[in-house]
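Participant: Encoded as structure tokens, here's the structure I'll be asking about.
Laboratory data are not the source of any read-out in this text; all were calculated from the coordinates shown. These numbers were taken from a predicted model, which means no experiment stands behind them. Methodologically, a virtual Cβ is constructed for each residue, glycine included, from the backbone with ideal geometry; neighbour enumeration extends over all protein chains shown.
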Amino acid sequence: MVATTVASAGISLAGLFSLAGDIALVTGAGRGLGFEIARAMAAAGATVILSGRDADRLGQAADTIANEGGKAIALPFDMTDAEQTRAAFAAIARDHGGLDIVVSNAGMRNRKPLEQFSDAELSEMVEVNLVATYRLAREAARLMRERQKGRLIIVTSIAGHVARPNDAVYAGCKHGLTGMMRALAAEYGPHGITSNAIAPGVFATEANEALLAAPETAAALSGRSFLGRLGRPAEIAGAAVFLASPAASFITGHVLTIDGGLTAKM
Ligand SMILES: NC(=O)c1ccc[n+]([C@@H]2O[C@H](COP(=O)([O-])OP(=O)(O)OC[C@H]3O[C@@H](n4cnc5c(N)ncnc54)[C@H](OP(=O)(O)O)[C@@H]3O)[C@@H](O)[C@H]2O)c1
């Protein structure tokens with residue numbers, strides 16, 4: 001039924017989810033959720049630019065994707081450094097002639113009561129988790145406006161719409177990203193650029209290793225999802241490909257939550 005409808009519109013089902021010919025920048029792509037997003041976008045046909053600070057790790061990630069038949073390029077830069085960010089976008093414009101997709105995924109965590117944050121720690125959290133995405137979106141929008149098309153995807157968190165103790169700084173930044181995503185959808189929609197968010201629940205990535213090291217914490221967090229388990233990093237990838245694909249051409253200002261039902265639970 002779906003195939004007939006789609007075929008009658010002159011689009012193949014594979015074409016609906018294809019990123020062939022697209023240039024995609026994914027931040028924090030050396031590991032965790034960012035790596036899986038980059039890998040899946042490459043499998044969907046995009047040329048993927050992998051960013052982060054650890055050049056060795058990015059090189060290994062790019063090699064893995066290339067060995068799987070994808071097109072991947074490592075472009076290390078520190079998102080909190082305005083000059084490095086500008087230089088990276090200048091290199092993208094020079095080498096690729098533009099940018100179709102940007103995924104702002106890089107982030108950091110520091111779970112503790114607000115009173116225990118030093119000024120330096122507060123600034124670093126806000127810089128990495130919020131300000132750097134403004135900078136990234138600004139540079140991306142400048143390139144995308146030229147062609148009047150683009151896909152901005154921001155990886156937020158369920159902490160971008162609900163809260164728990166000892167997480168005020170991270171949650172505040174993620175709520176801010178949700179607002180930023182909607183405001184950018186409003187601002188850039190007239191220029192053919194969509195802006196959406198992916199809000200992961202709890203995934204078993206390096207970032208959560210310390211938290212999940214305690215078996216009782218791992219069990220408690222697993223038990224909070226309807227599926228009774230944590231997310232597997234690769235389970236984030238389909239949502240990112242979808243939001244970047246022709247299938248999502250009329251979706252903007254949306255938060256796609258991927259949490260095994262955690263935030264839907266009574
Ligand atoms: N894992 C979860 O359960 C979960 C849940 C909700 C939301 N999220 C969000 O999903 C995203 C990815 O999470 P993850 O678990 O995959 O995290 P992760 O394993 O800690 O990876 C974070 C990535 O961000 C990059 N990064 C950090 N600071 C950077 C900077 N200043 N400049 C450039 N890159 C920087 C790191 O690369 P380098 O070290 O090479 O710089 C790393 O690749 C984050 O935004 C996180 O908040 C994750």
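Participant: Taking H as built 1.01 Å from N, whose amide H comes closer than 5 Å to the amide H of K71, not counting residues under 5 places away?
Facilitator: Here the answer is V48, since their amide H atoms fall under 5 Å of that of K71.
Participant: Sticking with this structure for a sec: In a solvent-free Debye calculation with one equal scatterer on each Cα, what is log10 I(q)/I(0) for region 1-102 at q = 0.16, 0.19, 0.25 Å⁻¹, listed in the order of the q values?
Facilitator: Reported log10 I(q)/I(0), two decimals: -0.67, -0.86, -1.28.
Participant: Right, next: For the chain, what does the helix formula give at 222 nm: sum of -39500 (n - 2.57) over DSSP H segments with n ≥ 4, over the residue count, nearest 500 deg cm²/dmol? Walk me through the numbers before you get to the answer.
Facilitator: Numbers: 11 runs with 117 residues, N = 266.
Per the formula, -13000 deg cm²/dmol.
Participant: Still on this structure, I have one more. In terms of Cα to Cα distance under 15 Å, which aspartates and glutamates are near enough to K149, apart from those fewer than 8 places away along the same chain?
Facilitator: Straight-distance partners of K149: D22, D100, E139, E187.
Participant: At what distance in angstrom do the alpha carbon centres of region 149-224 and region 105-126 lie from each other?
Facilitator: 15 Å
Participant: If r is the Cβ-Cβ distance from E83 to R232 and R0 is 30 Å, what FRET efficiency results, to the nearest 0.05?
Facilitator: Numbers: r = 37 Å, r/R0 = 1.23.
Calculated transfer efficiency: 0.25.
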